[in-house]
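What follows is a single structure, written as structure tokens, with notes after it.
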Amino acid sequence: MIYFDNAATTLQKPPCVFDAVVAAMKGMGNPARGTHGTALGAARTVYEARCRIAALFGAPDAQHVVFTANATEALNIAICGAIEPNANIISTDLEHNSVLRPLFRLSKAGASISFVRAKKDGTLRYDDFEQFIFPETKAIVCTHASNLTGNVLDLTRIGKIAHKHGLLFIVDASQTAGVLPIDMQKMGIDILCFTGHKSLMGPQGTGGLCLGKHVSVRPLKVGGTGVKSFSKTQPEELPTRLEAGTLNGHGIAGLSAAVRFITDTGLATIHAHETMLMRRFYEGVRQMPDITVYGDFSAETRAAIVALNLRDYDSGAVADELAQQYGIATRSGAHCAPRMHAALGTEQQGAVRFSFSYFNTTQEVDRALVALKEISL
Amino acid sequence: MREKTPRFVVTFHTTTAAIAMEQQCAQQNVAGRLIPVPREITAGCGMAWSAPPQAEQAVVAVATALGEGVADFYTLVI
């Protein structure tokens, strides 16, 4: 099989990730529940993971790294816990439902949402952000890269706008964490939400949020923490405040190994390889007369995604043909990105998304190009 | 049960702070280990750093550098 669905989850992981998960499952106690050997070993593993992630994203320190089950949970915590329900919030057409649905739920409680609209090529007009800033505007919530087109947002520019107006800046880094440089302090990010199983190359069921030094977030869940057991309320201190219940220690051990692999390999090396594959594929498909490619490819930096359609064929039928006849895994349909599809005019047809990883090869790209040519005959 | 001895004890607000303390003490060769929080301090669960009394000055220096995750200091016979 050729796996080009890495924007959904990376299938190929570094071997060190498997080893770390297996070792954790064989010998890890509950991190933060007790001081016997296996519990302390687990707590040390989780702490090391926090340190590595804080260093990767420019978070203040390990205490400001909170683990969750995925980016969706992290975004729910951030959006519902850091923004008052009567606020105006700015977001964009590029967002995934993991951002949109928490925002829409908040709007039912009284919040108003202003969307910066995407152009036909999937990019934004950055000047539009400031048009939506009113006295009641409290936050900007946006993705780092569209999970449909791969277009990357200029977080430094948006962060400057946010802080010029005293707004909270929440970022969904689901498509970029582990492959593009992210520095919370330089980019002015107050809350960074990430998933562990995509470009961070960790196990599913891992993710989290990194908080800026002075950001206050109400917990979404309350419960056992391993500290202050006789208190009727959730502890105030991070990361415990936002981590009720036993953590996914086995998964976090794998994620920690993955982050170490990424750091050792280098973000630039990983991104360069993925970009080379994406550009090779893009140059191949854009010359095919029956194929429409979506998004802007003029920018130097973008996520390794190419979304396309073949004639007016149902995107699901094309993806199914690729899977059944050629063993090529892609993602069709709406990609949980309804506003982006609306902006591109692909609500009915959807799109076939090819997304590349560090472990894909040029040979695989070339086989996919041949497959598309044959299907289009 | 082992005989009780005087110990210098540090408590923490979070497990993360406790593990940070352990790591810093190891790096700086400061004596002690993590133990369950003694009931003389509070009932319930959580971790505390337990060190011999003569290590108090070094332990306080490490804990102070850690900052807000550290809750309090105690001298106990435990």
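At a glance:
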{"read-out": "Nearest-20 debye value, chain A charge dipole, Cβ charges on Lys, Arg, Asp, Glu", "value": "920"}
{"read-out": "Flagged links, alpha-carbon separation over 31 Å, of A:Lys198/A:Lys228; A:Lys186/A:Lys228; A:Lys120/A:Lys164", "value": "A:Lys198/A:Lys228; A:Lys186/A:Lys228"}
{"read-out": "Computed lengthening from A:Glu374 to A:Val22, 0.36 nm per intervening residue step minus Cα-Cα distance", "value": "122.5 nm"}
{"read-out": "Residues A:Val17, A:Val306, A:Val285 arranged by fewest to most Cβ contacts within 10 Å", "value": "A:Val285, A:Val17, A:Val306"}
{"read-out": "Top positive-direction residue, dipole computed over the range A:303-358 with Cβ charges, set A:Tyr358, A:Tyr326, A:His341", "value": "A:Tyr358"}
{"read-out": "Contact order normalised by residue count of the range A:80-220, Cα under 8 Å, 6+ apart, percent", "value": "21"}
{"read-out": "The range B:1-41: trypsin sites (Lys or Arg not before Pro) falling in loop per DSSP and having at most 16 other Cβ within 10 Å", "value": "B:Arg2, B:Lys4, B:Arg39"}
{"read-out": "Chain B: C-alpha gyration tensor shape, a/c 1.5 cut-off, then a/b vs b/c", "value": "oblate"}
{"read-out": "Antiparallel DSSP beta bridges within chain A, percent to nearest 5", "value": "50"}
{"read-out": "For the protein assembly as shown: rounded, prolate or oblate by the Cα gyration tensor [a/c cutoff 1.5]", "value": "prolate"}
{"read-out": "Förster-model FRET efficiency, 30 Å R0, A:Leu11 and A:Ala342, C-beta, rounded to 0.05", "value": "0.50"}
{"read-out": "Helical mean residue ellipticity (222 nm; -39500 (n - 2.57) per DSSP H run of 4+; nearest 500) of chain A", "value": "-12000 deg cm²/dmol"}
{"read-out": "Global form of the range A:1-60, assessed from the alpha-carbon gyration tensor, a/c cut-off 1.5", "value": "oblate"}
{"read-out": "Extension gain from B:Gln27 to B:Ala65, taking 0.36 nm per residue of separation minus the Cα-Cα distance", "value": "12.3 nm"}
{"read-out": "Positive-end residue, the range A:135-293 charge dipole about Cα centroid, Cβ charges, pick of A:Leu255, A:Leu192, A:Leu242", "value": "A:Leu242"}
{"read-out": "Full-extension gain in nm, A:His214 to A:Arg311, via 0.36 nm per residue minus C-alpha separation", "value": "29.8 nm"}
{"read-out": "Centroid-to-centroid separation of the range A:303-373 and chain B [C-alpha atoms, Å]", "value": "56"}
{"read-out": "Compactness of the range A:262-307 as Cα Rg over 2.2 N^0.38 Å, two decimals", "value": "1.31"}
{"read-out": "Total charge dipole magnitude, the range A:269-377, about the Cα centre, Cβ charges on Lys, Arg, Asp, Glu only, Debye to nearest 20", "value": "200"}
{"read-out": "Estimated FRET transfer efficiency when R0 is 56 angstrom, pair B:Ile41-A:Ser298 (beta carbons, to 0.05)", "value": "0.35"}
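Rule-based calculations on the coordinates, nothing more; no lab input. The structure displayed is predicted, hence computed values, not measured ones. Cβ atoms come from the backbone with ideal geometry, glycine included; neighbour counts cover every protein chain shown.
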